[in-house]
Structures are given as structure tokens and as C-alpha cells.
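See structure below.
The values are calculated or read from the model by the stated rules, or taken from the named source; none is laboratory data. Since this is a predicted model, take the numbers as computed values, not measurements. Positions of Cβ are generated from backbone atoms using ideal geometry, with glycine treated the same way; all protein chains shown enter the neighbour counts. Please note that ligands, DNA and RNA were not included when accessible areas were found on the heavy atoms of the full protein model with its side chains. Shrake-Rupley method; radii C 1.70, N 1.55, O 1.52, S 1.80 Å.
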Amino acid sequence: MAVIPMEIDDQAMNQIKATFLQSAQEAFKAVSKRQTFGRYMNIKTASKYANVDENTFKKKFINAGLKVIDLDGLQRIDKQDLDKFMDENKI
């Protein structure tokens with residue numbers, strides 16, 4: 001691999017460091033959030049995971065087609081389904 005020598009002034013280096021630090025913090029926050037919530041969540045927990053009010057979750061997510069596991073009235077949301085639903089609704 002070729003090495004290309006270059007000089008970066010202190011201001012640019014500080015900006016690079018800040019950008020890397022912010023990216024690392026966001027990545028660790030995302031990983032932490034995923035580990036906090038179990039795979040199968042009740043509606044209340046799933047709404048927290050999605051960072052929306054529970055009523056909004058029911059109206060905007062479930063009514064829009066988010067899959068719900070229903071075992072004789074016991075409802076659960078699969079975290080993987082919620083993540084997929086969020087990805088599919090990006091604009």
C-alpha cells in the first residue's frame with residue numbers, strides 16, 4: 001500500500017477528530033439502544049423503541065401495516081419487523 005504524506009493544520013485535525021468522535025458516539029448509542037430492548041416487545045415498549053407516543057405508534061405504525069404477533073390477545077412486536085418497517089418507510 002502506498003503512503004501519501006500530507007500535512008493537516010491543527011484546525012482541520014480538530015475537525016476530523018470531532019467528526020470521528022461524533023460518529024463513534026452515535027454508533028455506540030445505536031448499539032446500546034438495540035441491546036436495551038428485547039426482540040419481542042409489547043406495544044408500550046415498542047413505541048419507546050420507535051421514540052413515539054403509544055397512541056401514535058398504534059395509529060401510524062400498526063394501522064400502516066406493521067406486523068403484530070397476537071397470541072390470544074397477547075400482542076408483541078418483533079424488533080426486526082419494526083426495524084424493517086422503519087427502513088421501508090424512509091423517504
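Taking N as the number of residues in the chain, what is its Cα Rg relative to 2.2 N^0.38 Å?
Working: Rg = 20.1 Å, N = 91, 2.2 N^0.38 = 12.2 Å.
The value comes to 1.65.
Suppose a student asked you for the relative contact order of the chain, using Cα pairs under 8 Å spaced at least 6 residues apart; what percent would you report?
Details: 48 pairs, mean separation 21.1, N = 91.
Relative contact order comes out at 23 percent.
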Roughly how many percent of the accessible protein surface of the chain is carbon and sulfur, given a 1.4 Å probe and a whole-percent answer?
53 percent
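Treat every Asp and Glu Cβ in the range 7-68 as -1 and every Lys and Arg Cβ as +1, leave all other atoms uncharged, and give the resulting dipole magnitude about the Cα centre to the nearest 20 debye.
Using only the charged Cβ atoms, the result is roughly 800 debye.
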Would you kindly give the portion of the calculated P(r) for the range 16-64 that falls above 16 Å, as a percent of all Cα pairs?
53 percent
In Å², what does the accessible area per residue of the chain work out to with a 1.4 Å probe?
84 Å²
